[in-house]
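A.B. asks: Once you've had a glance at the structure underneath, I'll fire off some questions.
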Amino acid sequence: MTILVTGGAGFIGSHATVELLESGYDVVVIDNLVNSDIEAIKRVKELTGIDFPFYQYDLLSYKQLQKLFKTYKFEAVMHFAGLKAVGESIEIPINYYHNNITGTINLCRVMDEYGVNKLVFSSSATVYGNPSTVPIYETFPLSVTNPYGRTKLIIEEFLKDLSASNPKWRVVLLRYFNPIGAHESGRIGEDPKGIPNNLMPYITQVAIGKRDKLKVFGNDYNTHDGTGVRDFIHVVDLVKGHINALNFLEKTIGIEIFNLGTGQGYSVLDLINTFSSVTSIDIPYEIVERRPGDIAICYASPDKAKKILKWEAEKSLRDMCKDSWNWQINNPNGYRS
Ligand SMILES: NC(=O)c1ccc[n+]([C@@H]2O[C@H](COP(=O)([O-])OP(=O)(O)OC[C@H]3O[C@@H](n4cnc5c(N)ncnc54)[C@H](O)[C@@H]3O)[C@@H](O)[C@H]2O)c1
């Protein structure tokens, strides 16, 4: 059974590729490497001891996609490829709309042309906007605060229309909460280019001395210590949910939505303190103004995924800190080490 992985050189896609290979699937990976490194693909091959085809293809090239679908008979597609930096999406929305939306439309068009109709899509908790209560259920109203989030919401709507148009489409939308951590080998992990946009890579770069201190955006939220609360989930737990989603697609039709989170909220200071306790390294930080668009508390109800996908996150916040640090210390300059 061959699965096409788009964006498979990226943070989550590379971990998903390992999980797919270890679960016995054949895999073909494409990535244009705009936010990743070919070294990630080499390491996935080395970790699993399995060779698989990789193509430096761009979802914006319909011709490349056609060539791919002519060569392979895919059972399903796991679609991770996309641009994901919120700040950049505000500065250059054209690139975000074009890449994420046109890329997904190209992908679905070629899938349709070649009779491949099973899709697992990487959506985000950002589609819930600023929820009025927590935990967040899949049925909550949707709203977004930035162009990145809007591309996710538009793609979700597009995929709902697509499944409504023809029952041959089987789609799972996975709304990720805050993936952190790394493969326990320390060989693959999150490798941001330039200044990290996400909290954990920033913490690990401070810990290793690449950055002076962490900025904590706001300590006057209505939370137990005033800093924002998020649902951090280990990337390996997250990608395991994708395997369950693939199995689910075998026996379902239409479209289904699942939160992938732990159901547990931790604050920014909780994460810093846990990281320090696990690594015995102090993380200097300063409290600065709130960041526009940030919300106070965001954590999932993972009940639906537990009940229907039979999936549940297993790793603790300490595991997430340990594995993120193990990746950072073994690869001080990411894949360019
Ligand atoms: N990491 C998170 O916190 C998070 C949270 C929610 C949702 N997501 C979504 O999950 C997916 C994977 O995220 P990630 O953290 O692994 O990001 P990532 O940037 O590490 O991986 C995305 C990959 O897609 C590739 N890519 C981008 N545009 C492409 C195109 N047009 N053609 C081919 N390849 C292209 C990039 O080179 C990169 O390797 C993304 O869709 C992201 O929006 C991520």
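A.B. asks: If you check Gly82, Gly87, which single one turns out to be in contact (Cβ under 8 Å) with a residue 60 or more places away in the chain, small (Gly, Ala, Ser) and assigned to a helix (DSSP H, G or I)?
C.D. replies: That would be Gly87, the only listed residue that is in contact (Cβ under 8 Å) with a residue 60 or more places away in the chain, small (Gly, Ala, Ser) and assigned to a helix (DSSP H, G or I).
A.B. asks: Go through segment 321-337 and give me each residue that's at pLDDT 95 or above and in a helix (DSSP H, G or I).
C.D. replies: Correct list: Cys321, Lys322, Asp323, Ser324, Trp325, Asn326, Trp327, Gln328, Ile329, Asn330, Gly334, Tyr335.
A.B. asks: Does Ile105 satisfy the condition of being within 16 Å of the ligand (Cβ to nearest atom) and either touching a Gly at 6+ places or on another chain (Cβ under 9 Å) or under 24 Å from Ser14 (Cα atoms) (or both)?
C.D. replies: yes
A.B. asks: Here's a check for you: in segment 123-134, which residue that is away from the ligand (no atom under 12 Å from the Cβ) and touching a residue at least 12 places away in the same chain (Cβ under 8 Å) is nearest to Gly7 (Cα to Cα)?
C.D. replies: By that ranking, first place goes to Gly129.
A.B. asks: Something else about it: Say we look at segment 163-186 and pick out the residues that are hydrophobic (A, V, I, L, M, F, W, C) and touching a Leu at 6+ places or on another chain (Cβ under 9 Å); which of these is farthest from the ligand (Cβ to nearest atom)?
C.D. replies: This residue is Trp169.
A.B. asks: Please state which of the following conditions Val120 fails to meet, knowing it meets all the rest: (1) β-branched (Val, Ile, Thr); (2) more than 14 Å from the ligand (Cβ to nearest atom); (3) part of a strand (DSSP E or B).
C.D. replies: Among (1) β-branched (Val, Ile, Thr); (2) more than 14 Å from the ligand (Cβ to nearest atom); (3) part of a strand (DSSP E or B), Val120 violates only (2).
A.B. asks: In segment 239-250, is there at least one residue being in a helix (DSSP H, G or I), touching a Lys or Arg at 6+ places or on another chain (Cβ under 7 Å) and at pLDDT 95 or above?
C.D. replies: yes
A.B. asks: Give me the pairs: first residue in segment 182-201 and free of Cβ contacts under 8 Å to residues at least 24 places away in the same chain and closer than 28 Å to Ile90 by Cα, second residue aromatic (Phe, Trp, Tyr) and more than 10 Å from the ligand (Cβ to nearest atom), beta-carbon distance under 7 Å, and six or more apart or on different chains, which are they?
C.D. replies: Pro196/Tyr202
A.B. asks: Would you please name the residue that is farthest from Gly334 (Cα to Cα), looking only at residues in segment 34-54 that are in contact with a strand residue (DSSP E or B) (Cβ under 7 Å, 6 or more places away or on another chain) and buried (at least 17 other Cβ atoms within 10 Å of the Cβ)?
C.D. replies: Of everything passing the filter in segment 34-54, Phe52 is farthest from Gly334 (Cα to Cα).
A.B. asks: Out of everything in segment 1-54 that is away from the ligand (no atom under 15 Å from the Cβ) and aromatic (Phe, Trp, Tyr), what residue ends up being farthest from Leu238 (Cα to Cα)?
C.D. replies: Here the answer is Phe52.
A.B. asks: Could you tell me whether segment 58-72 includes any residue that is buried (at least 22 other Cβ atoms within 10 Å of the Cβ), part of a helix (DSSP H, G or I) and within 14 Å of the ligand (Cβ to nearest atom)?
C.D. replies: yes
A.B. asks: Okay, next question. Only one residue in Tyr96, Tyr114, Tyr137 is under 17 Å from the mean Cα position of the chain (by Cα) and touching a residue at least 12 places away in the same chain (Cβ under 8 Å), so which one is that?
C.D. replies: The conditions single out Tyr96.
The values are calculated or read from the model by the stated rules, or taken from the named source; none is laboratory data. Not measured: the values here are computed from a predicted model. Backbone-built Cβ (ideal geometry, glycine too); neighbour counts: all protein chains shown.
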